[in-house]
1. Among LEU76, LEU59, LEU37, which is the only one that is part of a loop (DSSP other than H, G, I, E, B), of a type in the set (A, V, I, L, M, F, W, C) and in the same structural domain as VAL199 (by TED's automatic domain parsing)?
2. Checking LYS254 against (1) in contact (Cβ under 8 Å) with a residue 60 or more places away in the chain; (2) touching a strand residue (DSSP E or B) at 6+ places or on another chain (Cβ under 7 Å), only one condition comes out false. Which one?
3. Would you point out which residue out of LEU58, LEU21, LEU28, LEU48 is touching a Ser or Thr at 6+ places or on another chain (Cβ under 8 Å) and over 19 Å from GLN183 (Cβ atoms)?
4. Going through ARG148, ARG209 one at a time, which residue ends up being assigned to a helix (DSSP H, G or I) and modelled with pLDDT under 90?
5. Condition check: in contact with a Cys (Cβ under 6 Å, 6 or more places away or on another chain) and either at pLDDT 95 or above or farther than 15 Å from ILE137 by Cβ (or both). Does VAL233 satisfy that?
6. For region 18-58, which positions are closer than 13 Å to PHE225 by Cα and touching a Pro at 6+ places or on another chain (Cβ under 8 Å)?
Amino acid sequence: MNNLPLGKVLNEDCIKYMDKLPNECVDLIICDGPYGLNKGGWDELSQLPCSSIQEYNLLLIKKFSRILKSGGAVYLFGKPDCIDFIDYRPYLTLQSKIIWYCPASLAQGRISYTNNYDLISYFVKGKKPKVFNLEDIRVPQLTELTHRLRCEQVPSVKSGPYAKTKFNPKGKNPGDVWGDIKQLTYNSKELVDREALNVIQKPEKLMERLIKASSNKGDIVFDPFLGTGTTLVVCKRLGREAFGCEIDPSFVEKIKKRLSQDADLFD
């Protein structure tokens with residue numbers, strides 16, 4: 001595994017740290033980094049080595065492409081415009097733009113519509129993913145079975161391009177709009193720090209879906225912005241090897257404390 005610091009929390013700037021990593025050493029990257037929205041702190045554009053969040057994300061994508069194995073996946077979190085007007089095509093292939101519905105937004109638009117979702121850009125290195133475990137991420141069918149079976153008999157479906165799309169009693173593909181995974185609240189048992197609510201900490205169920213879909217047991221997962229360490233927690237539970245960076249020393253300590261409290265899961 002090229003002596004990677006698996007299971008470790010690195011108090012480092014991920015941009016600089018990634019240059020130390022060998023080529024094609026990780027299977028999956030989950031990147032929930034700066035959104036470039038706030039007027040202070042780590043998320044402020046003036047704190048980034050680029051003039052826009054789009055340029056910053058392109059810088060990340062270039063670095064991800066080098067350390068990612070062929071067919072590996074990247075999930076890049078951001079707001080609706082986070083990858084607009086940048087050419088990521090020489091580095092990674094955009095497979096989907098996933099909408100994670102977040103209706104609990106505190107902002108209330110006065111001259112336009114309030115943004116109620118985060119964008120999760122799903123990239124792969126190459127033309128198609130090496131791993132996509134649909135059977136592990138199926139969600140309940142929303143269509144009534146009787147109606148669905150009737151639809152399957154329609155000639156345009158029966159003999160058309162969607163002929164193989166059959167009703168599966170185990171559930172369906174979650175699609176690219178996710179409203180079934182709720183944001184954390186102040187009452188969420190998994191919330192590490194009230195300061196991290198919505199801004200930094202994402203639900204374990206959300207990370208679980210990404211990790212299950214795009215990696216297998218034993219695969220290596222890298223998170224360049226660990227935050228409260230959710231990626232490490234979920235990876236360990238699912239039998240994946242993971243490591244990552246967190247530049248804020250206070251959050252590094254929070255992650256270590258969180259991991260130590262799951263002594264039955266972590267060495």
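1. Values: LEU76 fails: part of a loop (DSSP other than H, G, I, E, B); LEU59 fails: part of a loop (DSSP other than H, G, I, E, B).
Among LEU76, LEU59, LEU37, only LEU37 is part of a loop (DSSP other than H, G, I, E, B), of a type in the set (A, V, I, L, M, F, W, C) and in the same structural domain as VAL199 (by TED's automatic domain parsing).
2. For LYS254, the failing item is (2).
3. Being touching a Ser or Thr at 6+ places or on another chain (Cβ under 8 Å) and over 19 Å from GLN183 (Cβ atoms) holds for just one of LEU58, LEU21, LEU28, LEU48, which is LEU28.
4. On the way: ARG209 fails: modelled with pLDDT under 90.
Just one listed residue meets the conditions, ARG148.
5. Numbers: in contact with a Cys (Cβ under 6 Å, 6 or more places away or on another chain): no; either at pLDDT 95 or above or farther than 15 Å from ILE137 by Cβ (or both): yes.
No: the conditions fail for VAL233.
6. MET18, ILE29, CYS31, GLY33, TRP42, ASP43
The values are calculated or read from the model by the stated rules, or taken from the named source; none is laboratory data. Fair warning: this is a prediction, and the values are worked out from it, not measured in the lab. Using ideal geometry, Cβ is built from the backbone for each residue, glycine included, and neighbour counts are taken over all protein chains shown.
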